[in-house]
Amino acid sequence: KCLFMNNTTIKTVSIPSSVETIGDSAFYGCTGITEITIPSSVKTIGGSAFGSCTSLTEIIIPSSVKTIGRSAFSRCTSFTEITIPSSIETIEDSVFYGCTGITEVTIEEGVKSIGENMFQKCTGITEITIPSTVETIGEKAFEGCTGLKNVTIEEGVKSIGRSAFSG
């Protein structure tokens, strides 16, 4: 827990293939990190694991990841695109909250839910397609996404939470 929290000197991180879990707040606030390589051995990314890594320009979530914790990448303002792989079984709330640099989001077929506040205040997102496997869109999932112009919700969604697309 809190392994490198608030370290401003680390620039790149290569996590070895023996790692299966990245704990809560492991790299939280590491504002100098620009690049992280997450190996395909990782199954769980903990809450706030990379939160407020404001210089992080690229993050690739491998298809081995099953769980992403609350606010795992919140306030990472420099990366521009994200793919949520179909392997994800649990996505907690606010994972990409305040990631204002994101312009492109891909949610792969197979993802079952979009958590509360998931992309809240991601002002750079201009369009989103919710695949047919998503059953639930959480409350405030896209609230404050002021750049959002096109939303496609494919057949299969059963629940859209309160204020999901507000603002």
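The values are calculated or read from the model by the stated rules, or taken from the named source; none is laboratory data. Note that the coordinates shown come from a computational prediction; the quantities given were computed from them, not determined experimentally. Every residue, glycine among them, receives a Cβ derived from its backbone with ideal geometry; neighbour counts consider all protein chains shown. Remember, those area values only see protein heavy atoms, side chains included, never the ligands or the DNA or RNA. Shrake-Rupley method; radii C 1.70, N 1.55, O 1.52, S 1.80 Å.
Odds and ends about this structure:
- All conditions but one from (1) under 29 Å from residue 155 (Cα atoms); (2) β-branched (Val, Ile, Thr); (3) open to solvent by 10 Å² or more (accessible area, probe 1.4 Å) apply to residue 9; the one that does not is (1).
- Residues satisfying the stated conditions in the range 137-153, i.e. of a type in the set (D, E, K, R) and open to solvent by less than 70 Å² (accessible area, probe 1.4 Å): 139, 140, 143
- Residue 89 vs. criteria surrounded by fewer than 18 Cβ atoms within 10 Å (Cβ to Cβ) and either in contact with a helix residue (DSSP H, G or I) (Cβ under 6 Å, 6 or more places away or on another chain) or not hydroxyl-bearing (Ser, Thr, Tyr) (or both): yes
- Test: residue 96 is among the aromatic types (Phe, Trp, Tyr), buried (at least 18 other Cβ atoms within 10 Å of the Cβ) and farther than 16 Å from residue 146 by Cα: no
- Positions within the range 114-136 being outside any loop (DSSP other than H, G, I, E, B) and surrounded by 22 or more Cβ atoms within 10 Å (Cβ to Cβ), in sequence order: 114, 128
- The combined condition, being part of a strand (DSSP E or B) and crowded, with 16+ Cβ neighbours inside 10 Å, is fulfilled by residue 105.
- Any hit, the range 138-153, residues being outside any loop (DSSP other than H, G, I, E, B), under 24 Å from residue 35 (Cβ atoms) and in contact with an Asp or Glu (Cβ under 9 Å, 6 or more places away or on another chain): no
- Residue 75 meets each of the listed conditions (1) over 11 Å from the mean Cα position of the chain (by Cα); (2) surrounded by fewer than 21 Cβ atoms within 10 Å (Cβ to Cβ) apart from (1).
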